[in-house]
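The values are calculated or read from the model by the stated rules, or taken from the named source; none is laboratory data. Because the structure is a prediction, the values reported are computed rather than measured. All Cβ positions, glycine included, derive from the backbone under ideal geometry; neighbour counts span all protein chains shown. To get the accessible areas, we keep the full protein, side chains included, count just its heavy atoms, and leave off ligands, DNA and RNA. Shrake-Rupley method; radii C 1.70, N 1.55, O 1.52, S 1.80 Å.
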Amino acid sequence: MLRWFTSGIALATVMAVGANAQDLPKTQFKIVGLNGPTVASIVDEIPFWRETVPKASNGAITADITPLDQAGIDDKTMLRLLKLGVMDFAGMDISKMAGDDPRFEGCDLAGLTLDADKARAACNAWREVIDRQMQKNWNAKLLAFGGNPPQVFWCRNVLGGLDDLKGKKIRVFNNTMRDFLGGVGATAVSMAFAEVVPALNNGVVDCGVTGSLSGNTAGWPEVTKSLYPMSLGWSINVLAVNLGTWKRIDPKVQAFLQEQIKAYEDKMWATLKKAAEEADNCNTNKQPCTMGKPANVTIVPVKPSEAETHKKLVEGAVLANWAKRCGKECVTEWNDTVGKLLGLKAPTP
């Protein structure tokens with residue numbers, strides 16, 4: 001089904017070419033991309049580099065792309081590897097880079113936004129900050145934002161609700177999720193995406209957080225019985241390029257890539273919305289389910305009282321702990337951009 005959807009999208013979304021493809025010099029790039037089993041990789045990233053770019057450039061621009069899990073790379077090191085020029089372009093979950101700079105989780109704090117349009121708007125408001133930090137400290141340039149379906153709880157047993165998370169060991173992948181879980185009395189366990197299925201199967205963790213459809217395509221329904229759709233973010237990903245590579249690229253190729261990447265960014269957000277819409281169907285063996293695999297998982301509804309608790313945790317524990325990590329100058333900048341957009345204020349540390 002995924003193959004059908006991917007090819008259909010590729011045919012239906014012919015991206016405009018600003019530069020004359022016949023005039024582009026032959027150029028080859030090396031890319032390390034997102035986790036291979038995710039919808040963002042399958043539907044958007046791999047087809048973009050393997051099909052869209054070569055086709056739109058009449059074969060002038062080609063790319064060798066390998067998902068990071070297939071390359072055996074720890075995703076928290078992606079930005080460091082990009083800085084060193086190990087790859088030309090990189091697709092990465094930006095919040096996983098926050099150990100190097102807390103600003104990198106500023107538009108995807110756990111539970112900060114609850115719909116895709118607000119998530120995109122928040123990241124656009126924070127775009128200049130992330131790009132500035134990348135160029136200043138990481139020899140990299142930000143090119144695009146994308147994302148995944150809402151990051152939710154997949155559990156080995158049927159969860160009773162938010163209170164049931166207390167005391168449980170839960171896989172997370174960034175600091176801001178740790179802040180949220182600390183507020184509900186759960187134990188956060190950092191773990192790479194590829195390690196989660198065996199960890200859930202063997203009881204190393206009780207639950208794991210990932211996208212509502214990303215978990216589906218990665219086989220999580222085989223080791224879980226329930227899904228609790230309280231959102232802890234969007235696993236915002238970025239496409240970035242090594243600055244040295246970018247400066248060496250022919251100006252015609254730069255212009256071509258910028259136009260292609262603009263359309264690619266729009267497509268990633270459209271895919272996110274469709275994936276979020278189909279997730280419940282795929283996870284409960286209903287149709288339409290064109291982007292995932294039919295599964296039988298119990299979806300435990302979020303009660304109104306739990307939604308209110310979620311809001312308090314975001315505005316309290318999540319914002320306060322992130323503000324301490326990021327510092328006064330960072331918080332002031334956030335309050336003037338993302339905070340202003342969302343009507344929130346992070347406390348000055």
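Points worth noting:
- Residue satisfying all of: in region 266-310; among the charged types (D, E, K, R) and touching a residue at least 12 places away in the same chain (Cβ under 8 Å); surrounded by the most Cβ atoms within 10 Å (Cβ to Cβ) among these: GLU278
- Qualifying residue in region 251-265 (condition: open to solvent by 10 Å² or more (accessible area, probe 1.4 Å), within 30 Å of ASP163 (Cβ to Cβ) and within 22 Å of the chain's Cα centre (by Cα)): no
- ILE130 passes every criterion in (1) in contact with a helix residue (DSSP H, G or I) (Cβ under 8 Å, 6 or more places away or on another chain); (2) of a type in the set (Val, Ile, Thr); (3) open to solvent by 10 Å² or more (accessible area, probe 1.4 Å) apart from (3).
- Look at region 150-164: where a residue is polar (S, T, N, Q) and a partner is assigned to a strand (DSSP E or B), sitting 6+ places away or on another chain with Cβ atoms under 7 Å, you get GLN151/VAL209; GLN151/THR210; GLN151/GLY211; ASN157/SER226.
- Meets criteria (in contact with a strand residue (DSSP E or B) (Cβ under 8 Å, 6 or more places away or on another chain), farther than 24 Å from TRP126 by Cβ and of a type outside the set (Ser, Thr, Tyr)) for LYS274: no
- Residue within region 209-217 that is out of contact with any Pro (no Cβ under 6 Å at 6 or more places or on another chain), in contact (Cβ under 8 Å) with a residue 12 or more places away in the chain and open to solvent by 10 Å² or more (accessible area, probe 1.4 Å) present: no
- Scanning region 230-240 for residues that are within 24 Å of PRO198 (Cβ to Cβ) and open to solvent by 10 Å² or more (accessible area, probe 1.4 Å) returns a single hit, SER235.
- Residue ID - nearest to the chain's Cα centre (by Cα), chosen from residues in region 193-208 that are open to solvent by 20 Å² or more (accessible area, probe 1.4 Å) and of a type in the set (Val, Ile, Thr): VAL197
- Complete set of residues in region 156-192 that are buried (at least 18 other Cβ atoms within 10 Å of the Cβ) and polar (S, T, N, Q): ASN174, ASN175, THR176
- Per this entry, ALA263 is counted among residues that are among the aliphatic types (A, V, I, L, M) and within 17 Å of ALA63 (Cβ to Cβ).
- Count of residues meeting criterion [open to solvent by less than 10 Å² (accessible area, probe 1.4 Å) and part of a loop (DSSP other than H, G, I, E, B)] in region 133-147: 1
- So CYS282, is it at pLDDT 95 or above, within 25 Å of GLY146 (Cα to Cα), assigned to a loop (DSSP other than H, G, I, E, B) and not small (Gly, Ala, Ser): no
- Some residue of region 112-134 being among the hydrophobic types (A, V, I, L, M, F, W, C), in contact (Cβ under 8 Å) with a residue 40 or more places away in the chain and more than 24 Å from VAL314 (Cα to Cα): yes
- A residue that is closer than 23 Å to GLY106 by Cα and in contact with a Gly (Cβ under 7 Å, 6 or more places away or on another chain) occurs somewhere in region 213-232.
- Any pair with Cβ under 7 angstrom, 6 or more apart, that starts in region 73-90 at a residue that is farther than 12 Å from ASN242 by Cβ and ends at one that is open to solvent by 60 Å² or more (accessible area, probe 1.4 Å) and assigned to a helix (DSSP H, G or I): none
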